[in-house]
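Visitor: My questions all concern the structure below.
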Amino acid sequence: MQQIKQLKAILKESDKIVFFGGAGVSTESGIPDFRSEDGLYSQNYDYPPETIVSHSFFVKKPDVFYRFYREKMIWPEAKPNPAHFALAKLEREGKLTAIITQNIDGLHQAAGSKNVMELHGSVHRNYCQNCGKFYTLSALLEQENIPHCDCGGIIKPDVVLYEEALDPEVMEKSISWIARADVLIVGGTSLAVYPAAGLLRYFRGNKLILINKSPTPMDQSADLCIAEPIGKVLADAVE
């Protein structure tokens with residue numbers, strides 16, 4: 001495939017690559033995205049998913065939030081796919097400087113990536129809202145219904161809910177990595193979620209590559225657009 005050859009050539013010439021990814025990176029690991037036809041946003045619940053995963057809803061109805069969260073947002077059995085492993089390999093080879101992800105599943109780290117900016121947090125970090133005690137995902141899953149801390153406080157996942165701001169330190173680091181990159185690979189994202197999608201405007205490098213099954217608002221600005229499964233594309237390009 002000509003596009004894979006082009007991507008291979010670009011990767012070979014660069015050692016300042018940054019990857020910016022979204023839900024499409026993890027769908028090949030069996031984790032559904034939010035906005036596809038069979039994603040979470042197209043399913044029917046008593047409340048819209050956007051409402052359930054908002055800060056105010058978590059405060060008012062933590063029982064409903066956690067029921068949805070356990071059923072639809074936590075995938076403890078999911079394993080990294082070829083896309084995750086290809087990116088980890090690029091990092092080990094000294095070519096990839098950072099991964100900036102909108103995902104909360106921790107699969108990049110599970111594949112061996114070290115420098116991962118998690119814009120929306122991680123299901124693997126959970127904190128008591130009262131005393132701040134840390135809980136792993138497995139510890140949270142050991143409890144039923146609303147998980148509580150030893151002190152009695154409600155445990156909250158360290159994920160960014162609607163109405164909550166992104167971590168300013170993570171944003172600042174992400175902007176810095178993108179600004180210094182000579183190649184930016186954007187994969188598995190519709191670029192519809194802000195402020196995360198707005199990070200692309202800080203890119204001043206040579207090559208913008210988009211790997212996404214459906215069109216994005218940035219297609220016309222890209223040097224290379226590949227509308228194929230991201231796992232196969234990256235695995236073939238990095239082999």
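The values are calculated or read from the model by the stated rules, or taken from the named source; none is laboratory data. Here the structure is a predicted model, which means the values were calculated and not measured. Heads up, the Cβs are rebuilt from the backbone with ideal geometry, glycines too, and the neighbour counts pull from every protein chain shown. We work out accessible area using only protein heavy atoms, side chains counted, and drop any ligands, DNA or RNA first. Shrake-Rupley method; radii C 1.70, N 1.55, O 1.52, S 1.80 Å.
Visitor: Taking the Cα centre of each part, how many Å lie between the stretch 81-154 and the stretch 48-78?
Guide: Their Cα centres are 17 Å away from one another.
Visitor: In degrees, nearest 10, range 0 to 90: what is the angle between the Cα axis of helix 62-72 and the longest Cα principal axis of the chain?
Guide: Tilt of helix 62-72: around 40 degrees.
Visitor: Beyond a 21 Å Cα-Cα separation, which of these cross-linked pairs lie in this structure: K5/K173; K16/K79; K5/K232?
Guide: On the way: K5/K173 31 Å; K16/K79 27 Å; K5/K232 13 Å.
In this structure, K5/K173; K16/K79 exceed 21 Å between Cα atoms.
Visitor: So if the hydrodynamic radius of the stretch 101-227 is defined as the Kirkwood radius over C-alpha pairs, what does Stokes-Einstein give as its diffusion coefficient at 37 °C and 0.692 mPa s, in µm² per second? It would help to have the intermediate numbers written out before the result.
Guide: Numbers: Rh = 16.6 Å.
Rounded to a whole number, D works out at 198 µm²/s.
Visitor: Using the heavy atoms of the protein chains alone and a 1.4 angstrom probe, what is the accessible area of the stretch 44-116 per residue in square angstrom?
Guide: On the way: 3400 Å² over 73 residues.
Value for the stretch 44-116: 47 Å² per residue.
Visitor: When only the heavy atoms of the protein chains count and the probe is 1.4 Å, how do R125, R67 rank by accessible area, highest first? Walk me through the numbers on the way to the answer.
Guide: Values: R125 70, R67 130 Å².
Per-residue accessible area, sorted high to low, gives R67, R125.
Visitor: Same structure, new question: Looking at the stretch 13-134 only, what percent of DSSP beta bridges run antiparallel? Nearest 5 please.
Guide: 10 percent
Visitor: Using +1 at the C-beta of Lys and Arg and -1 at the C-beta of Asp and Glu, which of L140, P32, L90 has the Cα lying farthest in the positive direction of the dipole of the stretch 1-144?
Guide: The one lying farthest along the dipole's positive direction is L90.
Visitor: Leaving ligands, DNA and RNA out of it, rank K173, K79 by accessible area with a 1.4 Å probe, largest first.
Guide: Details: K173 95, K79 135 Å².
Heavy-atom accessible area, descending, gives K79, K173.
Visitor: Also, I was wondering about something else. Can you tally the net charge around M117? Count Lys and Arg as +1, Asp and Glu as -1, for every other residue whose Cβ sits under 12 Å from the Cβ of M117.
Guide: Numbers: positive: K114, K173; negative: E118, D167, E169, E172.
Around M117, the surrounding residues sum to -2.
Visitor: Check I226: other-chain or 5+ apart residues with amide H under 5 Å from its amide H, H built from backbone geometry?
Guide: Amide H neighbours of I226, under 5 Å, 5+ apart: L210, I211, N212.
Visitor: Per the helix-only calculation at 222 nm, which mean residue ellipticity applies to the chain, given -39500 (n - 2.57) for every DSSP H run of n ≥ 4 and division by its residues, nearest 500 deg cm²/dmol? Intermediate values should be presented prior to the final figure.
Guide: Values: 9 runs with 75 residues, N = 239.
The helix contribution divided over the chain gives -8500 deg cm²/dmol.
Visitor: Would the stretch 193-239 count as rounded, prolate or oblate if I go by the C-alpha gyration tensor, calling it rounded below 1.5 in a/c and otherwise prolate when a/b exceeds b/c, oblate otherwise?
Guide: Working: a/c = 1.91, a/b = 1.54, b/c = 1.24.
It comes out prolate by the Cα gyration axes.
Visitor: Taking every DSSP beta bridge with both residues inside the chain, roughly what % is antiparallel (nearest 5)? Spell out each step's value before the answer.
Guide: On the way: 8 of 30 bridges.
DSSP beta bridges in the chain are roughly 25 percent antiparallel.
Visitor: Ok, one more. Evaluate the relative contact order of the chain (contact order divided by residue number), counting alpha-carbon pairs under 8 angstrom at least 6 apart; express in whole percent.
Guide: Values: 418 pairs, mean separation 59.3, N = 239.
Here the relative contact order equals 25 percent.
Visitor: Ok, one more. Could you sort E50, E163, E91, E142 by their accessible area in this structure, using a 1.4 Å probe and putting the largest first?
Guide: E142, E163, E50, E91
Visitor: Once Rg and Dmax of the Cα atoms in Å is worked out from the coordinates, which option in (1) 18.3, 59; (2) 20.2, 76; (3) 18.6, 64 does it equal?
Guide: Correct label is (1).
Visitor: If you don't mind, there's one more thing I want to ask. Starting at the first residue of the stretch 127-134, write each ³J(HN,Hα) from the Karplus equation 6.51 cos²θ - 1.76 cosθ + 1.60 with θ = phi - 60°, in whole Hz, x for Gly and Pro.
Guide: Per residue, the Karplus-derived 3J(HN,Hα) values read 9, 6, 6, 8, 10, x, 4, 8 Hz.
Visitor: Once neighbouring chains are kept in place and the probe is 1.4 Å, which whole percent of the accessible area of the stretch 127-239 is contributed by carbon and sulfur? It would help to have the intermediate numbers written out before the result.
Guide: Working: 3000 of 5980 Å².
Percent of accessible area from carbon and sulfur atoms in the stretch 127-239: 50.
Visitor: Follow-up. Straight-line reach from K60: which lysines have a Cα under 23 Å away, not including same-chain ones fewer than 8 places off?
Guide: Those lysines meeting the cut-off are K72, K133, K156.
Visitor: Report the gain in length on full extension from A9 to E142: 0.36 nm times residue separation, minus Cα-Cα distance, nm rounded to one decimal.
Guide: Details: separation 133, 0.36 × 133 = 47.88 nm, distance 4.78 nm.
Taking A9 through E142 to full extension adds about 43.1 nm, to one decimal.
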